[in-house]
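Peer 1: There's a structure below that I have some questions on.
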Amino acid sequence: MNTLTDRLRPLTGHRLFWPALVLVVMILANTVYRPGFLAVEVKSGHLYGTPIDILRLSAPLILVALGMTLVIATGGIDLSVGSLCAISGAIACLHISEAADPNSPSTVLTALALAFGVALVLGAWNGVLVAVIGIQPIIATLILMVAGRGIAQLVTEGQIITINSEPYRAIGLGHFLTLPLAILIALAAALLVAAFTRRTALGLIVESVGGNAEASRLAGIRSRRIVFLVYVVSAACAAIAGFMVTANVSSADGNAAGLWIELDAILAVVIGGTSLAGGRFSLSGTVLGALIIQTLTTTVYAMNISPQTSLLFKAVVVIAVCLVQAPAFRARFRRRRRGVEPGPATPQREKEQVPA
Amino acid sequence: MTSTSLTTGRSWRPSLSRRHVPVLATLTLLLVMYGIGVSQYRAFSNVQVIFNVFIDNGFVLVVAVGMTFVILTGGIDLSVGAVVAMTAMVSAALLRDGMPAALVLVIALLIGPILGFLMGCAIHFFDIQPFIVTLAGMFFARGMCTFISGASISITDGFWTGMSQERIGNPAGNFVSISVLIAFAVVLVAAYVLAYTRFGRNVYAVGGNAQSALLMGLPVGRTRIAVYTISGLCSAIGGILLSFYTLSGAPLIAVGMELDVIAAVVIGGTVLTGGSGYVFGTVLGVLVLGVIQTLITFDGSLNSWWTKIVIGGLLFAFILLQRLIGIRFK
């Protein structure tokens, strides 16, 4: 993990320095607190250990955050991903639970295709609201965020659908080539998105739409189509994350599945250095941001602090990272250092200001 | 409401009635829904049904008024639900430790505004998006709740139980709780501030166009910080009202309330980009949500999740309406 972030630093320059540092510090603190933190062992052909767990548990967040990165790069935001997770998971589980043979691969594939299709339709709905009708993204996706939870509960009829299907369970807990399948799926999605955006002009086009939709339209880019597309991609990512979340527990809960994942995903994107104003994005930063959030959560669990209280730490980390990245804050900090040389006192003080 | 005095803020649009269309649409919707209720269920015409909507939603109303200020400046405050829970939690914990009720009230009413003030400062001075800052505020407040106690704390204090059980009503047996009166007071004060004070005009001006407001010499920064402080204060009052209502503080109470509140404000005709909207509309928005819940309760066969789907549908309808009548057409 250390080597990974070290290798990233020269590649991406100063932009990823702070998030990477936060992750490294957190891992170091964990290793000091619990020496066995970084130990990875091989049991019956599979890798086990805390780092692997963090990677596996962060897989849904990475997926959702990838889609969110693209949406935010166009200057939008997608609040509905959590509800989409719940809906896709609920539909897949419902189909499997009603099938004659829940273990047959064809049943699972049909369920996945069905749920994925519905998610794409809902993503298209978001896309139409934003790109065609021209509603503000935050409010357009708020509609599906509120109504989506209701739809998910409608699908499950307010119950928790429990399923007993090995192939479906594998999406969350299975292994492939010694690594958990979830990590590989998230990795594949990250590479796919990276290839499409950074190896073709698509990424540049997305950024130009986020920078100025009207100007890029005049430059010959079909900006509406791009905006529509990113919401569909975001919904697709959310659907796969929904499969993982429900496969992890082999059950679909319309209320709890993917709850607050949209907020975590937005945080991951922002921590990764993508501006909420749009116009530029960093996929590696997003992955790093998702890993930071999951490492923080795991750290807090390991220290026997209640999961809800971990929100306190999340709040501090979020504000600290955002402040460090805020241009206004940096400008102030730089001005002061040039003037009086008070050293790193300024960020310290701001960090303390939050929990006051 | 007092619309004529507000037109100066946005005088470039001459048609006055257009600004009122969303509020009138909400009013019509409310009346239609009430009419449906009365025609379907005999007990619905009882005045107490309306009073109960107010009793059950008094705290939502107060929080929504605070949110109206924030949204009018073009911002958003995601922390309200968590601050409501934190205020209720803090009061319950302090009362359990035997602190006098008056002191508890003061402390509880201070926490929300202080958090709001800090968030406003972070938003204004460091130029971080309100969405992210208030999200962090939400995490912080929600975390504090569980930090105080993982389980719910019941309130047995005499003042609190008194406020909770006091019924103000007529001989016919219809009554409201004190919370409703407090909520009404907050609504009236907020409506007055927005319509008749310099600060109120600044709020509309900042929401209409922050750059222009700055060039006009209006105190944009002070206004922006003030609205988040006001939202924090309203959330704190809402938290107190909620603790009157439930007589307890629970760490997971009011989860997702911010969504309901934002929905109520939008349904009430306030435009999310800021600069246009009324407190009166927000009151109607909260009532619409309350009547939906009452209708679904009266029906009995519909499940609670239909509430969410209906709210989502209404949000869509109202945003589309705002779009069609061309408010803030970019």
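The values are calculated or read from the model by the stated rules, or taken from the named source; none is laboratory data. Keep in mind the model is a prediction, meaning the values are calculated, not measured. Here the Cβ is made from the backbone with ideal geometry for all residues, glycine too, and neighbour counts use every protein chain on show.
Peer 1: Tell me, yes or no, whether region B:166-183 has at least one residue that is more than 14 Å from every other protein chain (Cβ to nearest Cβ), surrounded by fewer than 20 Cβ atoms within 10 Å (Cβ to Cβ), on the phi > 0 side of the Ramachandran plot and not in a helix (DSSP H, G or I).
Peer 2: yes
Peer 1: I want to confirm something. Restricting to region B:248-266 and keeping residues that are at the interface with chain A (Cβ under 10 Å from one of its Cβ atoms) and either surrounded by 24 or more Cβ atoms within 10 Å (Cβ to Cβ) or assigned to a helix (DSSP H, G or I) (or both), which single residue is modelled with the lowest pLDDT? Reasoning before the result, please.
Peer 2: Here is the first cut: in region B:248-266, the residues at the interface with chain A (Cβ under 10 Å from one of its Cβ atoms) are B:251-252, B:255-256, B:259-260, B:262-263, B:266.
Next, only the ones that are either surrounded by 24 or more Cβ atoms within 10 Å (Cβ to Cβ) or assigned to a helix (DSSP H, G or I) (or both) stay: B:251, B:259-260, B:262-263, B:266.
Values: B:251: 81, B:259: 85, B:260: 88, B:262: 90, B:263: 88, B:266: 88.
This residue is B:251.
Peer 1: What is the one condition in (1) within 14 Å of chain B (Cβ to nearest Cβ); (2) buried (at least 24 other Cβ atoms within 10 Å of the Cβ); (3) not in a helix (DSSP H, G or I) that residue A:269 does not satisfy?
Peer 2: Failed condition: (3).
Peer 1: So how many residues does region A:14-30 have that are surrounded by 15 or more Cβ atoms within 10 Å (Cβ to Cβ) and either touching a Leu at 6+ places or on another chain (Cβ under 8 Å) or farther than 12 Å from residue A:288 by Cβ (or both)?
Peer 2: Within region A:14-30, residues that are surrounded by 15 or more Cβ atoms within 10 Å (Cβ to Cβ) and either touching a Leu at 6+ places or on another chain (Cβ under 8 Å) or farther than 12 Å from residue A:288 by Cβ (or both) number 7.
Peer 1: Return the pair list, or none, for Cβ contacts closer than 6 Å from residues in region A:252-269 that are in contact (Cβ under 8 Å) with a residue 40 or more places away in the chain to residues that are buried (at least 24 other Cβ atoms within 10 Å of the Cβ) and not in a helix (DSSP H, G or I), at least 6 apart or on different chains.
Peer 2: Pairs that qualify, where the first residue is in contact (Cβ under 8 Å) with a residue 40 or more places away in the chain and the partner is buried (at least 24 other Cβ atoms within 10 Å of the Cβ) and not in a helix (DSSP H, G or I), are A:262/A:79.
Peer 1: Let me ask you something else. So, residue A:140, is that one under 22 Å from residue A:63 (Cβ atoms) and surrounded by 20 or more Cβ atoms within 10 Å (Cβ to Cβ) or not?
Peer 2: Values: under 22 Å from residue A:63 (Cβ atoms): yes; surrounded by 20 or more Cβ atoms within 10 Å (Cβ to Cβ): yes.
So residue A:140 fits the description; yes.
Peer 1: Within region A:274-323, how many residues are closer than 17 Å to residue A:61 by Cα, of a type in the set (A, V, I, L, M) and touching a Gly at 6+ places or on another chain (Cβ under 7 Å)?
Peer 2: Final tally of qualifying residues: 2.
Peer 1: Only one of B:228, B:245 is part of a helix (DSSP H, G or I), at pLDDT 90 or above and on the phi < 0 side of the Ramachandran plot. Can you tell me which?
Peer 2: Numbers: B:245 fails: at pLDDT 90 or above.
The conditions single out B:228.
Peer 1: Related question: If you scan region A:141-162, which residues turn out to be in a helix (DSSP H, G or I), over 19 Å from residue A:223 (Cβ atoms) and more than 9 Å from every other protein chain (Cβ to nearest Cβ)?
Peer 2: Let us first name the residues in region A:141-162 that are in a helix (DSSP H, G or I), namely A:141-156.
This time we only want the ones that are over 19 Å from residue A:223 (Cβ atoms), so: A:142-156.
Matches in region A:141-162: A:155, A:156.
Peer 1: Let me ask something else about it. Quick one: how many residues across region B:129-150 are facing another protein chain (nearest Cβ under 7 Å), of a type in the set (S, T, N, Q) and assigned to a helix (DSSP H, G or I)?
Peer 2: 1
Peer 1: Out of region A:112-140, which residues are assigned to a helix (DSSP H, G or I), β-branched (Val, Ile, Thr) and either within 14 Å of chain B (Cβ to nearest Cβ) or within 19 Å of residue A:209 (Cβ to Cβ) (or both)?
Peer 2: Passing the criteria: A:128, A:130, A:132, A:133, A:138, A:139.
Peer 1: For region A:244-252, state whether one or more residues are within 15 Å of the chain's Cα centre (by Cα) and either surrounded by fewer than 19 Cβ atoms within 10 Å (Cβ to Cβ) or more than 18 Å from residue A:281 (Cα to Cα) (or both).
Peer 2: For region A:244-252, residues within 15 Å of the chain's Cα centre (by Cα) and either surrounded by fewer than 19 Cβ atoms within 10 Å (Cβ to Cβ) or more than 18 Å from residue A:281 (Cα to Cα) (or both): present.
Peer 1: Tell me which of these residue A:166 doesn't satisfy, since it passes every other one: (1) crowded, with 16+ Cβ neighbours inside 10 Å; (2) within 30 Å of residue A:255 (Cβ to Cβ); (3) among the charged types (D, E, K, R).
Peer 2: Here residue A:166 clears every test but (1).
Peer 1: Quick check on residue A:109: is it without any contact (Cβ under 8 Å) to a residue 40 or more places away in the chain, part of a helix (DSSP H, G or I), within 14 Å of chain B (Cβ to nearest Cβ) and over 22 Å from the mean Cα position of the chain (by Cα)? It would help to see each step written out before you state the result.
Peer 2: Working: without any contact (Cβ under 8 Å) to a residue 40 or more places away in the chain: yes; part of a helix (DSSP H, G or I): yes; within 14 Å of chain B (Cβ to nearest Cβ): no; over 22 Å from the mean Cα position of the chain (by Cα): yes.
Taking the combined requirement at face value, the residue does not satisfy it.
Peer 1: Quickly run through region B:272-323 and pick out the residues that are in a loop (DSSP other than H, G, I, E, B), facing chain A (nearest Cβ under 7 Å) and touching a residue at least 12 places away in the same chain (Cβ under 8 Å). Working first, answer last.
Peer 2: We begin by selecting, within region B:272-323, every residue in a loop (DSSP other than H, G, I, E, B); these are B:272-278, B:300-304.
So of that shortlist, the ones also facing chain A (nearest Cβ under 7 Å) come out as B:272-273, B:303.
B:272, B:273 - these are the residues of region B:272-323 that are in a loop (DSSP other than H, G, I, E, B), facing chain A (nearest Cβ under 7 Å) and touching a residue at least 12 places away in the same chain (Cβ under 8 Å).
Peer 1: Need pairs with beta-carbon distance below 6 Å; first residue more than 8 Å from chain B (Cβ to nearest Cβ) and at pLDDT below 75 and within region A:316-327, second assigned to a helix (DSSP H, G or I) and buried (at least 20 other Cβ atoms within 10 Å of the Cβ); sequence gap 6+ or separate chains.
Peer 2: A:321/A:271
Peer 1: Give region A:272-311 a look and list any residue that's touching a Phe, Trp or Tyr at 6+ places or on another chain (Cβ under 9 Å), in a helix (DSSP H, G or I) and buried (at least 22 other Cβ atoms within 10 Å of the Cβ), or say none.
Peer 2: A:311
Peer 1: Is it the case that some residue within region B:92-110 is in a helix (DSSP H, G or I) and within 14 Å of another protein chain (Cβ to nearest Cβ)? Step through it out loud before you land on a result.
Peer 2: Initial filter on region B:92-110 (in a helix (DSSP H, G or I)): B:92-96, B:101-110.
When the remaining residues are screened for being within 14 Å of another protein chain (Cβ to nearest Cβ), the result is B:110.
The answer is yes; a qualifying residue exists.
Peer 1: Further question on the same structure: For region A:328-356, which positions are at pLDDT 65 or above and either surrounded by 13 or more Cβ atoms within 10 Å (Cβ to Cβ) or touching a helix residue (DSSP H, G or I) at 6+ places or on another chain (Cβ under 9 Å) (or both)?
Peer 2: A:328, A:329, A:330, A:332, A:333
Peer 1: Does residue A:205 qualify as being out of contact with any Cys (no Cβ under 8 Å at 6 or more places or on another chain), more than 14 Å from every other protein chain (Cβ to nearest Cβ), of a type in the set (Val, Ile, Thr) and over 19 Å from residue A:130 (Cβ atoms)? Break it down into steps so the answer makes sense when it comes.
Peer 2: Working: out of contact with any Cys (no Cβ under 8 Å at 6 or more places or on another chain): yes; more than 14 Å from every other protein chain (Cβ to nearest Cβ): yes; of a type in the set (Val, Ile, Thr): yes; over 19 Å from residue A:130 (Cβ atoms): no.
Against the criterion (out of contact with any Cys (no Cβ under 8 Å at 6 or more places or on another chain), more than 14 Å from every other protein chain (Cβ to nearest Cβ), of a type in the set (Val, Ile, Thr) and over 19 Å from residue A:130 (Cβ atoms)), residue A:205 does not qualify.
Peer 1: Give me the pairs: first residue in region B:149-160 and touching a residue at least 24 places away in the same chain (Cβ under 8 Å), second residue of a type in the set (Phe, Trp, Tyr) and surrounded by 15 or more Cβ atoms within 10 Å (Cβ to Cβ), beta-carbon distance under 9 Å, and six or more apart or on different chains, which are they?
Peer 2: Here the result reads B:155/B:244; B:160/B:244, each pair linking region B:149-160 to a residue that is of a type in the set (Phe, Trp, Tyr) and surrounded by 15 or more Cβ atoms within 10 Å (Cβ to Cβ).
Peer 1: Of all residues in region A:96-106 being without any contact (Cβ under 8 Å) to a residue 40 or more places away in the chain and assigned to a helix (DSSP H, G or I), which is farthest from residue A:252 (Cα to Cα)?
Peer 2: A:106
Peer 1: When region A:190-201 is examined, which residues are found to be within 15 Å of residue A:288 (Cα to Cα) and among the small types (Gly, Ala, Ser)? Walk me through how you get there before you give the answer.
Peer 2: Step one: of region A:190-201, the residues within 15 Å of residue A:288 (Cα to Cα) are A:190-191, A:194.
The answer is A:190, A:194.
Peer 1: Looking only at region A:145-173, how many residues end up being charged (D, E, K, R) and more than 25 Å from the chain's Cα centre (by Cα)?
Peer 2: Start the filter on region A:145-173 by keeping residues that are charged (D, E, K, R), which leaves A:149, A:157, A:166, A:169.
When the remaining residues are screened for being more than 25 Å from the chain's Cα centre (by Cα), the result is A:157, A:166.
Going through region A:145-173 one residue at a time, the tally reaches 2.
Peer 1: Checking residue B:269 against (1) outside any loop (DSSP other than H, G, I, E, B); (2) more than 9 Å from every other protein chain (Cβ to nearest Cβ), which test does it fail?
Peer 2: (1)
Peer 1: If residue A:74 satisfies all but one of (1) of a type in the set (S, T, N, Q); (2) touching a strand residue (DSSP E or B) at 6+ places or on another chain (Cβ under 9 Å); (3) buried (at least 22 other Cβ atoms within 10 Å of the Cβ), what's the number of the condition it fails?
Peer 2: Going through the list (1) of a type in the set (S, T, N, Q); (2) touching a strand residue (DSSP E or B) at 6+ places or on another chain (Cβ under 9 Å); (3) buried (at least 22 other Cβ atoms within 10 Å of the Cβ), residue A:74 breaks only (2).
Peer 1: For residue B:200, are the conditions met, namely being under 19 Å from the mean Cα position of the chain (by Cα) and not polar (S, T, N, Q)?
Peer 2: Yes.
Peer 1: Quickly run through region A:239-261 and pick out the residues that are in a loop (DSSP other than H, G, I, E, B) and among the hydroxyl-bearing types (Ser, Thr, Tyr). It would help to see each step written out before you state the result.
Peer 2: Start the filter on region A:239-261 by keeping residues that are in a loop (DSSP other than H, G, I, E, B), which leaves A:250, A:254-260.
Within region A:239-261, A:250 is the sole residue that qualifies.
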